[in-house]
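Values quoted throughout were computed directly from the atomic coordinates according to the rules given, and no laboratory measurement underlies them. Because the structure is predicted, anything quoted here is derived from the model rather than measured. We place every Cβ from the backbone using ideal geometry, glycine too, and count neighbours over all the protein chains shown.
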Amino acid sequence: MPNITRRDAVLTGLGAAVAVPALTAAATSSNAREPAKHPKAKAGAAYHKFEMNIEETRITLVGKQTFQTFAFGGQVPAPLFHVREGDEVEVVLNNLTTLPHTIHWHGLLQRGSWEMDGVPDMTQLGIQPGDSFTYKFVAEPAGTMWYHCHVNVNEHVATRGMWGPFIIDPIKPTPIEREVTGDYILMFSEWASAWADKLGQGGMPGDVFDYFTINGKSFPETQPIRVKEGDVIRLRMFGAGGGFHSIHIHGHVFQITFKDGHPLPAPINADTVLVGPGERYDIILRCDNPGRWMIHDHIDHHTMNGHTPHGGVMTLIEYEGIPRDQPWYHWAHKEFVPDFYYEQSLKKPHGIYPNPVFKGVPVS
Ligand SMILES: [Cu+2]
C-alpha cells in the first residue's frame, strides 16, 4: 500500500477492530508514510495502529494449575509488537477489567512523548474500568524491549501476566545478528498459587512462588526449540516477573550479545546467563552439536511445579535427525505447537501479532 494516507491507515485499523468480537484484540498495521515529526520518524517509517483490550482471563500454567490474569489481548504473554526503529506506533487500549491499568513501554525512550510512558499518577491517570486510552509514540531505540502494566506492578506484572514483547529491529543490524536464522522469545515469570483466584491481591512480601514458567507455561507443557545443524538461533530472554532466572543451556557455548536490547561491545561466551527482573539478554547460539539438549533454570526450585520436581523453567533443543521416539524420552509423544516462542510471527513482516497459543479463558 505505498500510496496510503495516514487517515486511510487509521480508518483501516478501526474498521478491522470493529469487525471482531469485543473480547478479542484486533491487529492492524500498515506501511503508510507519516509526516516527519521526529528525527527518526521520517524517511520510510511505517505507521502501526493496534486496538487491544485488557481482559480478565484464566490461563493454565501446567496440569490443573490455573491462574487468573489481567491479560492484554486476552493472552499471556501479550501480543507481539515487531516494528522497525523509528516506526510510529499507536495503540488504543480498552480496559474491560475491574481494576485500573496502564502500559509502560519498557526500554523505549519516549523522546518528546513522556506522557506516553504509562506510569499512573506520574505521567497519566490509571485507565479506569470501562475506559480507553490511546498511546502514540516513536519506536526507539532498537532492541529487545517489552511492555507491561505499571499499576500495582507487584501484583499486575509479577503475578497477573500483564507483559509482552516489543521487538524493534535496528535500521543498521550488527554483523552477528545478520547471521541469525531463527528468532525466539522466552519470557520468564513466577507465580504464587495461593493468589491464583484472588484478583486484586497478591504480589506481597513473603509470597511463596511455587510455579515458574516460560511464556506462561511450565514443563512439560513448554515446547521444544527445534533446530537443524548449521542454524544460528537468537534467544531473547526476558525477566518478566519479580525473580531471577539462571538459564543454562547444555552442549553449547553461546554468546551473550545484547543487554536490555543494546549490543555489547564484546559478546560474552557463556553457558549460563542470569536474567534478573526487568532485564533482557539476547544470546546467539550456533547449532553445531546435533543431539537433544536441556535448557533449564539453574535455580533448582524453579524446576518444580508446586511440590513436584521436573517441571517449571525447562525445555529442550531438539535437532532435526535425532530420533524422538525412544520410549523413555519424556517428550516422545509431544504434540508440537508452533509459534510458542513467537518464532513464526517474528518471520512475518513488521506488525503487531496476537497469538492464539497464549489465549486464556475469559472469566465472567
Ligand atoms: Cu494493571
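A few comments on the model shown:
- Note on ARG178 and VAL119: their simple-model spin labels are 3.9 nm apart, each label 7 Å out from Cα toward Cβ.
- Extending 7 Å from the Cα toward the beta-carbon at both ALA194 and ALA332 defines two label points whose distance is 4.1 nm.
- Loop-located trypsin sites (Lys or Arg not before Pro) in segment 216-272 whose Cβ has at most 16 other Cβ within 10 Å (DSSP): LYS228
- Using θ = phi - 60° in the Karplus curve 6.51 cos²θ - 1.76 cosθ + 1.60, the 3J(HN,Hα) couplings for segment 161-166 round to x, 8, 7, x, x, 10 Hz; x is entered for Gly and Pro.
- Nonlocal amide H pairs with GLU85, under 5 Å, H built at 1.01 Å: ASP169, ILE171
- Nearest-20 debye value, segment 176-344 charge dipole, Cβ charges on Lys, Arg, Asp, Glu: 80
- Length-normalised contact order for segment 230-299 - Cα pairs under 8 Å, 6+ apart - percent: 48
- Estimated from the Cβ-Cβ distance and a Förster radius of 45 angstrom, the FRET efficiency linking ILE322 and ARG58 is about 0.80.
- For segment 58-154, the set of trypsin sites (Lys or Arg not before Pro) satisfying both a DSSP loop assignment and a count of at most 15 other C-beta atoms within 10 Å is given as LYS64, ARG111.
- Shape of the chain, Cα gyration tensor, a/c cut at 1.5: oblate
- Distance in nm between pseudo-label sites at THR134 and THR272 (7 Å out along the Cβ direction from Cα): 5.0
- Alpha carbon centroid spacing (whole Å) that separates segment 49-111 from segment 162-202: 12
- Here's the picture: charge each Lys and Arg Cβ at +1 and each Asp and Glu Cβ at -1 in the chain, and of GLY203, ALA46, THR144 the one pushed furthest to the positive end of that dipole is ALA46.
- Full extension of the segment from SER364 to ARG286, taken as 0.36 nm per residue of separation minus the current Cα-Cα distance, would add 23.4 nm.
- When the C-alpha to C-alpha distance is required to be over 32 Å, the pairs from LYS172/LYS217; LYS259/LYS348; LYS136/LYS334; LYS136/LYS172; LYS172/LYS359 that qualify are LYS172/LYS217; LYS136/LYS334; LYS172/LYS359.
- Rounded to 5, the percent of DSSP beta bridges in the chain classed as antiparallel: 75
- For GLU279, the residues 5 or more places off, or on other chains, whose built amide H falls under 5 Å of its own are GLY239.
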